[in-house]
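The values are calculated or read from the model by the stated rules, or taken from the named source; none is laboratory data. It should be emphasised that the depicted structure is a prediction, and the values quoted were computed from it without experimental measurement. So basically every Cβ, Gly included, is an ideal-geometry build from the backbone, and we count neighbours across all protein chains shown.
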Amino acid sequence: MVKLLVWDCCAWSAWQFFQVKDRKGNYRDIPGTWTQYAGYFPLWRLSYSIIPYIRMKFEQNGLGFQKLYNIPQGVEVPWLTYQQFSNLIGNVTDMVIAEQEWQPMIDAIWENRTVEDYETTSSTVKTDFMRKWHHNRSGKPISLDEMMENEDGDIFDVADPRSDFENSVISEMQIATFAESTITEKDREILKLRMEGYTEQEIADKVGYKTASAVHKRIAKIADAYEDYVTAEYQKYLDK
């Protein structure tokens, strides 16, 4: 059981350093938590497949259990802090991915994920993926007739999943800080109304836009700005 726990710990640690592309094509950590993905998701399994390579790297640098066995009695074993352990696993994971040329494989796995790659329980990352998978904001399949009945009658004018980003599990305080410091007064009003449940057409009527599609575009812009804001705030945390 101890060995299995150590195995899980190392796999989970490596998983945190896998990089996947976001909507803009920039690399970032895998969204959500490890438990939100199915055990047979290829990236989940890859986090276990990397362990023998990590062990090999440790042993090449004089680390590993064999060295522990050879420590003379009475010698204190130095412990790594959480940050030191994180840095160690992160650096070695990056080295293995680069040396084994795994990044193209990781990119292909991420770009071709399916519904089955997520756990059955509801989660933000699964809901977000389902919206894209079914090409609509609800995460449920949309019929051709429903698509034809949208505001402008354009079959390709299906709502961008980003426009519903406010449904993510984020604190009201963070939203307020973002709104006050980043976006215009009109965009703040649009965000407020959208979070209160108003439709895009109702928002258009209230803020003075001629069409709902104009509001839709503004919400997509706000979503982009929010993603940039969260990324910047997370980097500040890492830099502390």
State all residues of the range 24-43 that are at pLDDT 90 or above, under 15 Å from the mean Cα position of the chain (by Cα) and assigned to a helix (DSSP H, G or I); if no residue qualifies, say none. Leu43
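Yes or no, residue by residue, for (1) closer than 30 Å to Tyr226 by Cβ; (2) assigned by TED's automatic domain parsing to the domain that holds Cys9; (3) of a type outside the set (D, E, K, R):
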residue	(1), (2), (3)
Asn26	yes, yes, yes
Thr35	yes, yes, yes
Ser47	yes, yes, yes
Ile50	no, yes, yes
Lys57	no, yes, no
Gly62	no, yes, yes
Lys67	no, yes, no
Leu80	no, yes, yes
Flagged in the range 105-125 as at pLDDT 90 or above and outside the structural domain of Pro52 (by TED's automatic domain parsing), in numbering order, are none
Please enumerate the residues belonging to the range 1-23 that are touching a residue at least 40 places away in the same chain (Cβ under 8 Å) and assigned to a loop (DSSP other than H, G, I, E, B). Gln16, Phe17, Phe18, Asp22, Arg23
Starting from residues that are farther than 17 Å from Val125 by Cβ and β-branched (Val, Ile, Thr), keep the ones in the range 31-57 and report whichever is surrounded by the most Cβ atoms within 10 Å (Cβ to Cβ). Ile50
Among the residues of the range 92-104, write down those that are in a helix (DSSP H, G or I) and either modelled with pLDDT under 80 or within 13 Å of Ile50 (Cα to Cα) (or both). Val92, Thr93, Asp94, Met95, Val96, Ile97, Ala98, Glu99, Gln103
Consider the range 105-122. How many of its residues are within 15 Å of the chain's Cα centre (by Cα) and in a helix (DSSP H, G or I)? 6
Examine the range 58-80 for a residue that is modelled with pLDDT of 80 or more, surrounded by 11 or more Cβ atoms within 10 Å (Cβ to Cβ) and in a helix (DSSP H, G or I), and state whether such a residue exists. yes
Within the range 32-87, track down each residue that is farther than 30 Å from Phe129 by Cβ and among the aromatic types (Phe, Trp, Tyr). Phe58, Phe65, Tyr69, Trp79, Tyr82, Phe85
Evaluate the range 167-186: report whether one residue or more is at pLDDT below 85, surrounded by 16 or more Cβ atoms within 10 Å (Cβ to Cβ) and under 21 Å from Arg28 (Cα atoms). yes
